[in-house]
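J.: Just dropping this structure here.
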Amino acid sequence: MPFAYLCDFDGTISPEDIGAAFVRKFSAGRDDDRERLLGEWFAGGLGHRELTRRECELVTATEEEALEFGRTFRLDPHFAPFVREALGRGDSVMVVSEGFDFYVRDHLQRAGFPDLPWASNRAVFAGDRVTPEHPFADPACESCGNCKAQHVRRYRGRGFHTVIVGDGLSDRCGARAADTVLAKGDLLRWCERESMPHVPFDTFADVAEFARRQDLSAPLPRPSRTASRAGRRG
């Protein structure tokens, strides 16, 4: 059975959360408002879709400024080799992000993967104002901006063993739907609290090693309870 790796972007493919850094950078002087929104989200009183909308109301940035800022970040150097190896083996890789399209698209193109499937929230720029759109939201759910569970279910329906690879709380719905969870950061700690089977990882070198071990005769690695770094947006 082929494997489908559905990979979070912020904090996972990119070691840093570019979306959160973008909001911090371009909402200078609104720290109290921003921290209040994050507090509501972490407490469960605010869905990620609403969090993104209200954060964007604090942001002042042109599309050119946003793209230039996004290019100051780098991807995990092990991501590109992992993708090439996985695709060469007949597996699939998709990027599923609760971040924004302008930097996800740009980084994938610059990494040499313009045709790799991906899904994220959309940032619509009008002058120096930003409005989020959510083309991959689940109409039946008001929480996530980009429903990662629907992407997982689509790959499973095509006959893939689905693997969610993530670091943040925005990966929880995808983790619940996936056959296997590779986790670090907040997602790993959530898996531990929920007693959800998972495999810890740190970089895409670990993801690549996991992928190499998978065949019909090999059992999945036993879940671990090792802690790792935190992530938020996904």
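J.: Please state which one of G166, G127, G112 is under 17 Å from F82 (Cα atoms) and in contact with a Ser or Thr (Cβ under 8 Å, 6 or more places away or on another chain).
T.: Matching residue, one of G166, G127, G112: G166.
J.: Please note which strands (runs of 3 or more DSSP E) are completely contained in the stretch 120-224 and include at least 3 residues that are under 23 Å from R74 (Cα atoms) and in contact (Cβ under 8 Å) with a residue 60 or more places away in the chain.
T.: Where strands (runs of 3 or more DSSP E) fall fully within the stretch 120-224 and carry at least 3 residues being under 23 Å from R74 (Cα atoms) and in contact (Cβ under 8 Å) with a residue 60 or more places away in the chain, they are 161-166.
J.: Go through the stretch 52-83 residue by residue and tally those that are assigned to a helix (DSSP H, G or I) and surrounded by 15 or more Cβ atoms within 10 Å (Cβ to Cβ).
T.: Qualifying residue count for the region: 15.
J.: Would you check which residues across the stretch 3-30 are more than 16 Å from D106 (Cα to Cα), part of a loop (DSSP other than H, G, I, E, B) and among the hydrophobic types (A, V, I, L, M, F, W, C) and list them?
T.: F26, A28
J.: Which of (1) without any contact (Cβ under 8 Å) to a residue 40 or more places away in the chain; (2) on the phi > 0 side of the Ramachandran plot does L51 not meet, given it meets every other one?
T.: For L51, the exception is condition (2).
J.: Determine which member of the set F125, F102 is over 26 Å from R212 (Cβ atoms) and in contact with a Leu (Cβ under 8 Å, 6 or more places away or on another chain).
T.: So the residue among F125, F102 that is over 26 Å from R212 (Cβ atoms) and in contact with a Leu (Cβ under 8 Å, 6 or more places away or on another chain) is F102.
J.: Tell me, which residue of the stretch 123-147 that is modelled with pLDDT of 95 or more and among the charged types (D, E, K, R) is nearest to E57 (Cα to Cα)?
T.: Out of the qualifying residues, it is R129.
J.: R24: under 24 Å from C144 (Cβ atoms) and either in contact (Cβ under 8 Å) with a residue 24 or more places away in the chain or in contact with a Pro (Cβ under 6 Å, 6 or more places away or on another chain) (or both), yes or no?
T.: No, not satisfied.
J.: Anything in the stretch 114-135 that is within 17 Å of the chain's Cα centre (by Cα), closer than 20 Å to R154 by Cβ and not small (G, A, S)? List them, or say none.
T.: Hits for the stretch 114-135 are L116, P117, W118, N121, R122, H134, P135.
J.: If you take the residues in the stretch 84-98 that are of a type in the set (A, V, I, L, M) and touching a helix residue (DSSP H, G or I) at 6+ places or on another chain (Cβ under 8 Å), which one is surrounded by the fewest Cβ atoms within 10 Å (Cβ to Cβ)?
T.: M94
The values are calculated or read from the model by the stated rules, or taken from the named source; none is laboratory data. Bear in mind that the values here come from a model prediction, so they are computed numbers and not experimental data. Reconstructed Cβ throughout: ideal geometry from the backbone, glycine too, with neighbour counts over all protein chains shown.
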